[in-house]
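Notes follow once the structure below has been shown.
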Amino acid sequence: MAGTRVEKKLSAVRVKTLKAPGKYEDGGGLRLVITSGGTKCWVVRVSLSGNRIERGLGSYPDVSLDDAREAAATFRKAAGSGIDLRAEEKQKALASTSFRDMFKITLAQREKQLSNAKHLKQWTSTMEAYVFPKIGNVPVADVTTGQVLELLTPIWFDKAETAKRVLQRMELVFKSAIVRGIRTTASPCTGVADELGTKHRAPKHHASMSWPDVPDFIAWLQQRSRSGLPLATSLAMEFLILTATRSGETRGAVWQEFDIEGATWTIPAERMKARDAHRVPLSKRSLQILKMAKSLNPDSDLVFPSRNGTVLSDMTFTKLLRDERLDVTAHGFRSSFKVWASESAKVPHEVSEAALAHSLGSKVVAAYLRTDFLAERRPLMEAWSGHCLGNAKRQVKKPSVPDAFDVTTVSSQWQGQ
């Protein structure tokens, strides 16, 4: 491209006929720039806070010479007062961002942190049901505390848990808007929970089975595996109980996570609720279950695949328990383990909490207590397994491993996957 050409002011005819690539000055910082491809565009150069900056004014012929001169004059006048018109225009555009659009931006950023697709759907569904109809199209910069109160009041007590989540998710959207400079005032969610008040009621926990009853349930589970219940399902449920893990952690288990020789299952951080890797010491019965699961589906990467080879549905365990009219949940067996560890095993709180992959108090405590108590948890999980299998009321023969199934061979196969 040719250098800057400083000549007399441009004329409309000359602007139309110019073809050579270069920069053609009109005066007052306005110039016509012709690219090597023949495109003509207007640029104005102004001084702002001691710095020389350029701002585009549009392309020719969409913007005529007279229009470009008028726009350049406006930019120069604003710059003289220390104002960058283009920055202001950008800020106005941002300020018009609706709550709905801001939610999409926030959700895209949070996708990496959310545990699974189900949580993403819950975020969107709660917004569509309770928030978007009221403030979805309102600029996120203009939403008021009154509007937040109005949309939450009808569900604050009737659907308390949902209302709490909605408020938390809205708060994240407003915080994101503030950080990005789209909203300049405080979050309208501040003080809402205090204003709406608290309905005093007993917290709702996952329904659990009394720990002395767990052996009977395990015996029943093993009986059912020989009388209609898919063996993979019964094995998965028993494995979940013996390892005190969450449903998703057991259902999503893959062979690469297991060190059979070391009798340890390492669940990667991305599959854990707290996003920290979790090591699970495996009891003898847990290892036996793994061998049986491998014999059922030797070619699957999943330890407990469904009949079509995918991850078991999150309703698999729920349906199993509901069909037998048992008022417990799969997650509740973690509570069974916790109470047993306290009342029967009498292990330190920190050890049982580590077995459940719970964070140990404050961040300060966690920073100093840098252990997962794996050595202490190994005999604990073996004792829990012994309790679960020590049913004296029903003499149930436990499923056996096929004689031809060689643990050494299988162990090497697992290590190679």
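Observations, loosely collected:
- Filter result (outside any helix (DSSP H, G or I) and of a type in the set (S, T, N, Q)) within region 326-352: Thr329
- Here region 1-24 is the region considered, the condition is being part of a strand (DSSP E or B) and of a type in the set (Ser, Thr, Tyr), and the residue that is modelled with the lowest pLDDT is Thr4.
- Ala129, sole failed condition from (1) surrounded by 16 or more Cβ atoms within 10 Å (Cβ to Cβ); (2) modelled with pLDDT of 90 or more; (3) among the hydrophobic types (A, V, I, L, M, F, W, C); (4) over 17 Å from the mean Cα position of the chain (by Cα): (1)
- Residue satisfying all of: in region 179-204; modelled with pLDDT of 85 or more and buried (at least 16 other Cβ atoms within 10 Å of the Cβ); farthest from Ile105 (Cα to Cα) among these: Leu196
- Test result for Ala244, hydrophobic (A, V, I, L, M, F, W, C), at pLDDT 90 or above and either within 15 Å of Leu321 (Cβ to Cβ) or surrounded by fewer than 19 Cβ atoms within 10 Å (Cβ to Cβ) (or both): no
- From the options Val148, Val143, Val166, residue that is surrounded by 17 or more Cβ atoms within 10 Å (Cβ to Cβ), not in a helix (DSSP H, G or I) and not hydroxyl-bearing (Ser, Thr, Tyr): Val143
- Qualifying residue in region 78-90 (condition: over 28 Å from Val179 (Cα atoms) and modelled with pLDDT under 80): yes
- Flag: Glu171 matches the condition of being among the acidic types (Asp, Glu), under 21 Å from Ala186 (Cα atoms) and in a helix (DSSP H, G or I).
- Among the candidates Lys175, Lys164, Lys134, Lys121, residue that is free of Cβ contacts under 8 Å to residues at least 60 places away in the same chain and over 28 Å from Glu270 (Cα atoms): Lys134
- Region 33-55 - residue that is outside any strand (DSSP E or B) and hydroxyl-bearing (Ser, Thr, Tyr) and, of those, farthest from Ala79 (Cα to Cα): Ser36
- Within region 221-256, the set of residues being in a helix (DSSP H, G or I), more than 14 Å from Ser286 (Cα to Cα) and under 25 Å from the mean Cα position of the chain (by Cα) comprises Ser247, Gly248, Glu249, Arg251, Gln256.
- Pick from region 285-305, criterion charged (D, E, K, R) and in contact with a helix residue (DSSP H, G or I) (Cβ under 7 Å, 6 or more places away or on another chain), ranking: surrounded by the fewest Cβ atoms within 10 Å (Cβ to Cβ): Asp301
- When Asp299 is tested against (1) among the acidic types (Asp, Glu); (2) assigned to a helix (DSSP H, G or I); (3) at pLDDT 90 or above, only condition (2) is not met.
- The residue that is modelled with the lowest pLDDT, counting only those in region 215-233 that are within 18 Å of His331 (Cβ to Cβ) and either touching a Lys or Arg at 6+ places or on another chain (Cβ under 6 Å) or of a type in the set (A, V, I, L, M, F, W, C) (or both), is Leu221.
The values are calculated or read from the model by the stated rules, or taken from the named source; none is laboratory data. Remember, predicted model here, so these are calculated numbers, not experimental data. Positions of Cβ are backbone-derived with ideal geometry, glycine not excepted, and every protein chain shown enters the neighbour counts.
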